[in-house]
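Written below as structure tokens is the structure these notes are about.
The values are calculated or read from the model by the stated rules, or taken from the named source; none is laboratory data. For clarity, every value in this text was computed on a predicted model and none was experimentally measured. Neighbour counts run over all protein chains shown; Cβ positions are idealised from the backbone, glycine included. We work out accessible area using only protein heavy atoms, side chains counted, and drop any ligands, DNA or RNA first. Shrake-Rupley method; radii C 1.70, N 1.55, O 1.52, S 1.80 Å.
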Amino acid sequence: MSSRKKTMLKVIILGDSGVGKTSLMQQYVSKKFSNQYKATIGADFLTKQDVRVDDRNVTMQLWDTAGQERFQSLGVAFYRGADCCVLVYDVNNAKSFEALDSWRDEFLIQASPRDPESFPFVVLGNKIDVEESKRAVSQKRALAFCQAKGNIPYFETSAKEAINVDQAFEVIARNALAQEESEEYSSDFSDPINIHLDNDRGGCC
Amino acid sequence: MLRAFAPVPVVELSSKERIQAIYSTNDRLFVGLASGALKVYEIDDSQALSDPDPSSAPSDTSKRSPAKLLTTIDKFIKGSIEQLLGLEEARVLIVLSGGYVHLYDLDTLAYQERLHRTKGAVVFATSSELEFKTPFALPPNTAPEKRPSVADVQRSVSRLVVAAKKKLHCYEWQGAELIGSKEITVPERPRSLTFIKPDRILCGLVVEYFVVDIPASQVSPIFAAGRPVGAIDGVLAGVAANIGSITSSSSASSRKQGCALAARLPEDESVVLVNEFSSAFFSSETGSFMKSKRQIKFKDVPSMLGYSYPFVLSVTANGKKLEVRNPKTYTLLQSINFPTLQHFNDGKNPFVASSRQIWKLSRRSFEEQIEELIGQNQLDEAIALIENVDDVFVSDRSSKLRELKMRRAEILFSKLKFSQSMTLFSEVSAPPERVLKLYPEAISGVAESSEAMKNGTDIPTPEETSAETNGEKSHGPAEVPPTSEATEAEKVDDEERPDEVEASTDAPTDASTSKADANSVSPSQTHDIPTITADTVSLADSTNAEAQKKKDLEIFDRFLRPTTSNSSSSKVDNRNAVGQGSRPAADTLSLSDSLANFLSFGKSSTMRTARSELGNAEYTGPDSMDGKALMKAVRCLLIYLIDARRKIARLTSLQSGTITEEDFDRTASAKLNLASYGSDLEKEACIVDTALLRCYIIINPQLVGPLVRLPNHCDKNAVRQQLLMYGKYSELVDFYFNKKLHGDALALLKQLSDSKKVSEFNGPEHIVRYLQKLGQEHLDLIFEYAKEPVNINEEYGVEIFMANTPEAESLSRKRVEQFLLPISRKLTMKYLEHIVFGLNDLSPDFHNDLALTYLEDVKTNAQLYSSDDEMVQRPVRKLLRLLRESSQYRPEKILAAMPRDSSLFMESKAVLFSRLGEHKRALEIFVFSMKDSQKAQEYCMNVYDSDVPNSKSVFYTLLELYLRPPAKAATNGYGATAPSLPTLRDNFDYPGMNLEAALELLSQHGSRLSAVDALELLPPDIKLTSLGQFFESHLRETNTTINRDRISAALLKAELVRTQQLLVKLKSKNVIISDTKLCPVCLKRLGSSVISVFPNRTVVHYGCAKAYKESSGPRAQTVEKDE
Ligand SMILES: Nc1nc2c(ncn2[C@@H]2O[C@H](COP(=O)(O)OP(=O)(O)OP(=O)(O)O)[C@@H](O)[C@H]2O)c(=O)[nH]1
Ligand SMILES: [Mg+2]
């Protein structure tokens, strides 16, 4: 492949409202955390430049999405052309864990990847800094889920205390890159929506 | 070619006269002649007529001329009139003549002055800028007519710029008053002048341009000679925002020979530049070239250039042609032939003139223009035009635009540009039916018949009828005319016959029904149900695995049959047979070829429809499409379907109020409103989701699962048919579950497990797993389907009814128990244990039932095993444990069920008697039946409670049993109902009396017995020594009691004294505040205010405390607060 081409990896982050998607991204991209909750409206992306994956330098385009149904984006089909999908739940909220399946299915439909079986997902169980007694989803249960869905990598994170965030995104980047490279061979299906996006910088919908 | 403008001849002068300049206002046309004469005409717009041929001389102009000559001033000016323009706000008519600019009154035409400094003038330009009372921003393509009226004008600034030699002379009017002038020296002699902003003028040289900022007197070149346009960015100093004002600059660039031309396009703040080398767009907003824009291609360099909303007009070098272009698409839309044109007045009322004739360019309505473009199949142009013009010119603009884009998308589709086509369909939120119509039935699910319905032709066409009567021999949709092609297809079909014979003899009815379906006039979906049901039923009935396989192939075959029979003959080959031989589980790869054939069959008819609708649009037939192209078409359809799915979901939430209008607007970037998909969103959603399913099945079967598990609106019958066809059983089960069609799901699972043909579904595991997901509301269904698995293995019952899930716990326990009871006592027992011990159910019924079940278990097992076998002993222990631990059962009931004389239940019985308060009977069991005085004592210790009458005497009762055993007990023939014998007070020789145990009891628990009562029971001949311990413990106990009571009496006395002391102390501290008591500081009543009490018992207001403290010195130091 044309190796020195700049690689842009598109990552979609999904999960119930309030599980900490925006916080995780903020922590990863700008090392900041806020206790305040402000619902994401529509969808928006942050870019992380110069991410090293082995000997490659890549740019990550991280799409943060609204967990609340009423704020979900109607705009551009930004799921298309994604290279990795991150599913986030709150380890202290069983419902958010149970919703992962639907988020995953919804992603697959919206993105319709060529080979759904091999499409990379990563599951993050967030807010592990909260006291143990509040924990509602055991690590074992989460791992069992990930195993059943085709060995999805799993991380327990805290956006607040910056636990495991970098490690998780490293794997996300690596898997996204692998996906991107495998797609390069098989894409005979030009994607106008994706092209459109590139012009539409800063594009919230 | 479009006819945007129609030239209307308005003036024709005599051969002696020569036109040199024209200028038009709303209703006047000023014509300047070479002789220096001026003619003024009134233009009557109402008479606008369109005579398309300007070369035919207007013979009867005089009669019907739209121009009425108002006046002719022969000696208007001495020299020839070179240029003529007006300033409407300043009411000035400007005339260039004899190298000077002259000013006249626009209304009276009275001479005003000669601008002396303009000596050597060659060209001039004007602009006027209006400022409105309420500043507002005009949208870029506001039509001139829609602009604010004169009444709103607060201030107008008009400018005149005259180019004379290397100077620009600038004049400025405010209202009608000339307020100033200035001179700007420029590097070259300008040949054309174009205002690009009210205070900024573009000067054209031979090939180059420069921009002059008039207030700043600043000159910036933007164009270097010989270099291609766009290579140089013109750098203009900061361009001020232009809010609240509009400009109308003077007309077309003049026609000076070899001159760089420019025309301003006010709609998007740009300027089109044309010189002899090239053309370019320049932004007057940013002052740089617009890189995104291409060049306009002129055949030869135009001699004149102008703009008339929304077109660029140009006159060819020879003056013979006027060309009309759309600046957005660069396309030449119209070219009008004239005798040599020499003058051009652009803008709102464009006029052109030769040396003797003047034509008004009468604009045809935009609606007509659009219609015309559509008629000529210039869809792109029609779209560009409609996008370019304002709402006011085109009624129903947005829906027309949408329609055009949809047609455009259809054409793109026919040109195999699927991705673009689908993106365009998505952009306008096209109705799903319309998009799907482009696809074969395998995708759209729409049989030809329903299309016939839509067209209102309910009566079957002859073809259709024949198709029906033909039964299984009919092939495909009725629309295929009985041409040679059809016969060919039939031939092909005959060749294929050998492969099909088996299948069709096997199930001829099925095949014919489905064929008839495809052609029947009524909606086909309802017909699918019986077919498929029949299929699956037979699938269930058959036991022969081979036959099953054949049936499967039939389903599969039916899907593929249209290919076999109808696709153009060359395409049919053995691959179909290969496809049929493969597993029914969809293998896209092996499918794709046969599928392509199949799809292309469907296409031919749909494409035909598309063709007829699009008129004679260019069309490459479906036959040229190979399988790959069709797969791509299906893949691209996803773009549209996914978009539509999301939008419809959003609209549905809006309609149902799940989201608010505000949320909707916040997240919707597309122009989408409720009407986009029609009123029946549910129906549209069904069409979209079902089509999505069909696409996935063909190109990405792995996504079927996610789709059917998510909330979806897929049509139930279509899903069933499709998924069965491809053996996607677990997906179908998921779909049913999602839709709460549990009966269907279970029926399917049962069929699958019975048929044993799909190994994955063998055995009852799938049914069990499904049942586990159901709750109370489906209890009957659970019972219906649970019976079989449970009969196979009771563990399934545990999984279904005793899982640790909310579903299992929601089930009605009574009913589950009743369900299990006849099936298995062991399972029932397990279930009852689960709810009693596991779930802590406190209903007495379950406790009773559990006890009774244990009882039964003991009884049955006792007949099979010896009584000390675990099989017997285990339930015995369980029973005992339950009876001891639970307090919910009804002892009588259980007692009644116990066999009278079984030794297995003695202890249990004792517990039961105890529960009933019948301690005596309980003790009788220990003493007589079990002869276990240890247990008897333990029992007493457990029960004894000196405060409860019935329990107080329990030791006495035991003693009595030892010393006065009932007669029957002696023979060990004790029964539950045995009457107690009368006490024979005089006869102490009781048979079976157990003195030893009695003495043991007395010595250990003597204190819990009344000594008197105990002694009375003892035989008179007992040795006192044997009672020593009894008395001792009795005495010790009594002494302990006495001592304890003394201590507590003393303690209580001490407490009393302490409390009295406290009372006295507290009493001494009080102050009394009566209604009349005053504060000694302020002498006001204390009332109920906050007060301060000093140690000396003085009471003051809290606020007065400080004053009091100061006045009374150190004496009052501590301040207590109180209310
Ligand atoms: N204790 C703790 N709180 C967290 C963590 N991550 C996020 N939060 C808090 O959880 C709340 C929600 O976080 P967001 O990141 O806004 O959640 P979201 O997933 O983006 O929510 P939506 O935008 O509505 O989909 C905020 O108040 C955060 O401060 C974490 O790791 N630990
Ligand atoms: Mg968020």
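When the square roots of the Cα gyration tensor eigenvalues are ordered a ≥ b ≥ c, the ratio a/c for segment B:257-398 is 1.5 or more and a/b does not exceed b/c, which makes its shape oblate. Evaluated over the Cα positions of segment B:708-782, the convex hull gives a direction-averaged projected area, one quarter of its surface, of 4.9 nm². For residue B:165, the residues whose amide H sits under 5 Å from its own are B:122, ignoring neighbours fewer than 5 places away on the same chain, with H placed 1.01 Å from N. Carbon-plus-sulfur accessible fraction, segment B:368-423 (probe radius 1.4 Å, protein heavy atoms only): 45%. The H on the amide N of residue A:67, modeled in the peptide plane, is under 5 Å from the matching H of A:18, A:40, each at least 5 residues off or on a different chain.
With 20 Å as the limit, write out which pairs from B:291/B:348; A:21/B:739; A:32/A:149; B:683/B:739; B:328/B:405 have Cα-Cα distances beyond it, or answer none. Too far apart for the 20 Å limit: B:291/B:348; A:21/B:739; A:32/A:149. Magnitude of the charge dipole for segment B:302-428, about its Cα centre and with charges confined to Cβ atoms of Lys, Arg (+1) and Asp, Glu (-1), is about 400 debye.
Applying 1/(1 + (r/R0)^6) with R0 = 51 Å to the Cβ-Cβ distance of residue A:98 and residue B:269 gives a FRET efficiency near 0.40.
The residue among B:1028, B:1064, B:1006 whose Cα reaches farthest toward the positive pole of the charge dipole of segment B:1004-1123, with charges on the beta-carbon of Lys, Arg, Asp and Glu, is B:1064. Under the convention that each Lys and Arg Cβ holds +1 and each Asp and Glu Cβ holds -1, the size of the dipole of segment B:887-938 around its Cα centre is about 140 debye.
Could you give the size of the charge dipole of chain A about its Cα centre, using +1 on the Cβ of each K and R and -1 on the Cβ of each D and E, expressed in debye and rounded to the nearest 20?
Values: 25 positive and 30 negative charges, 105 e Å.
I would put it at about 500 debye.
Measuring against 20 Å, Cα to Cα, the residue pairs A:95/A:140; B:417/B:632; B:750/B:787; A:134/B:773; A:31/A:160 contain A:134/B:773 as the ones spanning a longer distance. Remark on residue B:83: its backbone amide H falls under 5 Å from those of B:96, a criterion applied only to residues 5 or more positions apart or on other chains, H modelled at 1.01 Å from N.
Helix A:21-30 against the longest principal axis of chain A: what's the angle in degrees, Cα atoms only, rounded to the nearest 10? Approximately 70 degrees, to the nearest 10. Per residue of A:101-113, other chain Cβ atoms within 10 Å of the residue Cβ number 6 on average. Using the Cα gyration tensor of segment B:858-900, with a ≥ b ≥ c the square roots of its eigenvalues, what is the shape: rounded (a/c below 1.5), prolate (a/b larger than b/c) or oblate (neither)? It comes out oblate by the Cα gyration axes.
Take every pair of alpha-carbon atoms less than 8 Å apart whose residues are at least six positions apart; their mean separation over the length of segment B:731-777 yields a relative contact order of 25 percent. Of the trypsin sites (Lys or Arg not before Pro) found in segment B:719-792, those in coil by DSSP whose Cβ has at most 15 other Cβ atoms within 10 Å are B:740, B:756, B:773.
Taking a ≥ b ≥ c as the square roots of the eigenvalues of the Cα gyration tensor, segment A:74-121 is classed as prolate, since a/c reaches at least 1.5 and a/b is larger than b/c. For segment B:27-39, the Karplus equation 6.51 cos²θ - 1.76 cosθ + 1.60, evaluated at θ = phi - 60°, returns couplings of 10, 10, 10, 9, 10, x, 9, 5, 6, x, 7, 10, 10 Hz by residue, with Gly and Pro reported as x.
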